[in-house]
Amino acid sequence: MANDREVLREVWEGKLPVCFKLTQDEVATLQQPDPFYLMVSRLSYFPLVTDKVRKHFLKYVSDEKQEHEMWLEYNGQPLKWHLPIGVLYDLIVDAEGESLPWVVTVHFDKFPETQIYRFSSKEMVESHFMSCLKEADVLKHRGQIVTSMQKKDHNQLWLGLQNDKFDQFWTVNRKLMEVSGETECFKYIPFRCYVGDGYKQKLIKPVTDDGRKKTLQDLVREILDSGSTAKIKTHGMFPPLDTPLQWMSEHLSYPDNFLHLSLV
């Protein structure tokens, strides 16, 4: 089980300052809207933190657009709401050396249908989150932990994430981080390694056949041809390549129980 609580809390408390600005093309009033600033959790999703952003800008757009779905963009690139905020930042902003706050453009018109999914409700985010969590549990425990949980456990995980409550979330999530057997490791490591516009995934065990614990370097070599020179970022930092994968999975996974690794 993940027992280094200090690391877990440090990861949980990772925040990003974001400056939201309404695109100039959609300002329908003489008065220009002020930017809206938020400090957001790296572990959360934009649809969970932008209700106040929508309310702030709504009065500045035309009546017919007020019912439209709000979407976000950075430097011409629509932001995928189904990825955690920290993953988006590490992928498309931090690589450019952008200084904080992160300036995000708000839109109510011309939704980019071919680039991002439509978002209908927070229940849609919850469904996506629980689907990822179940997939991670299949990889780690053959799906035995999530299926043995009660509905109230699932709700507690979700509400802990949605309300940014560390203890509420980890009281249940620790069950998903427990290990058993002689190796005291998961069956496979749930991860996604982002390369370009997509990501790579494959079945990777945390130990070798002869019992050696695999490291981040082993993962890089197994999924990339240029593994020896690759740099991997997660939570805004570069973990040493000799970091054990099992430890990373227990301590550096996002709430969906996946390691989200950005190739830099």
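The values are calculated or read from the model by the stated rules, or taken from the named source; none is laboratory data. Model, not experiment: these values are computed from the prediction. Backbone-built Cβ (ideal geometry, glycine too); neighbour counts: all protein chains shown.
Under 25 Å from Gly14 (Cα atoms), touching a strand residue (DSSP E or B) at 6+ places or on another chain (Cβ under 8 Å), of a type outside the set (Val, Ile, Thr) and surrounded by fewer than 16 Cβ atoms within 10 Å (Cβ to Cβ): which single residue out of Pro84, Pro101 fits that description?
Pro101
Considering segment 24-50 alone, what residues qualify as being surrounded by fewer than 19 Cβ atoms within 10 Å (Cβ to Cβ), among the hydroxyl-bearing types (Ser, Thr, Tyr) and under 19 Å from Gln66 (Cβ atoms)?
Thr29
List, please: which pairs have Cβ atoms under 7 Å, are six or more places apart or on different chains, and start with a residue in segment 155-180 that is touching a residue at least 24 places away in the same chain (Cβ under 8 Å) and end with one that is among the β-branched types (Val, Ile, Thr)?
Leu157/Val172; Lys175/Ile145; Leu176/Ile145
Give segment 1-54 a look and list any residue that's part of a loop (DSSP other than H, G, I, E, B) and of a type in the set (Lys, Arg), or say none.
Step one: list which residues in segment 1-54 are part of a loop (DSSP other than H, G, I, E, B), which gives 1-4, 13-14, 23, 27-35, 42-45, 50.
The answer is Arg42, and nothing else.
Any residue in segment 184-208 that is under 20 Å from Lys80 (Cα atoms) and modelled with pLDDT of 90 or more sitting within a Cβ distance under 9 Å of a residue that is among the small types (Gly, Ala, Ser) and part of a loop (DSSP other than H, G, I, E, B)? List the pairs, counting only those 6 or more apart or interchain.
Phe191/Ser253
Tally time: how many residues in segment 235-264 are assigned to a loop (DSSP other than H, G, I, E, B) and of a type outside the set (Ser, Thr, Tyr)?
Number of matching residues: 13.
Quick check on Val125: is it touching an Asp or Glu at 6+ places or on another chain (Cβ under 9 Å) and among the aliphatic types (A, V, I, L, M)? Write out each step before concluding.
Details: touching an Asp or Glu at 6+ places or on another chain (Cβ under 9 Å): no; among the aliphatic types (A, V, I, L, M): yes.
Here the answer is no, as Val125 does not meet what is asked.
Output the number of residues of segment 142-157 satisfying the condition of being surrounded by fewer than 20 Cβ atoms within 10 Å (Cβ to Cβ) and either touching a strand residue (DSSP E or B) at 6+ places or on another chain (Cβ under 8 Å) or on the phi < 0 side of the Ramachandran plot (or both).
Restricting attention to segment 142-157, the residues satisfying the condition of being surrounded by fewer than 20 Cβ atoms within 10 Å (Cβ to Cβ) are 142-144, 147-156.
Checking the rest, the ones that are also either touching a strand residue (DSSP E or B) at 6+ places or on another chain (Cβ under 8 Å) or on the phi < 0 side of the Ramachandran plot (or both) come to 144, 147-156.
Final tally of qualifying residues: 11.
Only one of these is at pLDDT below 95 and over 16 Å from Arg42 (Cβ atoms): Ser121, Ser131. Name it. I'd like the intermediate steps shown before the answer.
Values: Ser131 fails: at pLDDT below 95.
Matching residue, one of Ser121, Ser131: Ser121.
Could you check, for segment 80-100, whether at least one of its residues is farther than 20 Å from Arg118 by Cβ and part of a strand (DSSP E or B)?
No, because not a single residue in segment 80-100 is farther than 20 Å from Arg118 by Cβ and part of a strand (DSSP E or B).
Checking the conditions here, which among Lys214, Lys231 is of a type outside the set (Asp, Glu) and modelled with pLDDT of 95 or more?
None of the others qualify; the one that does is Lys214.
Return the only residue of Lys175, Lys187, Lys202, Lys134 being touching a helix residue (DSSP H, G or I) at 6+ places or on another chain (Cβ under 9 Å), assigned to a helix (DSSP H, G or I), within 19 Å of Trp247 (Cα to Cα) and not aliphatic (A, V, I, L, M).
Lys175
Working only within segment 108-152, note down all residues that are within 21 Å of the chain's Cα centre (by Cα), over 25 Å from His56 (Cβ atoms) and in contact (Cβ under 8 Å) with a residue 12 or more places away in the chain.
Across segment 108-152, the qualifying residues are His128, Phe129, Met130, Cys132, Leu133, Lys134, Glu135, Ala136, Asp137, Leu139, Lys140, Val146.
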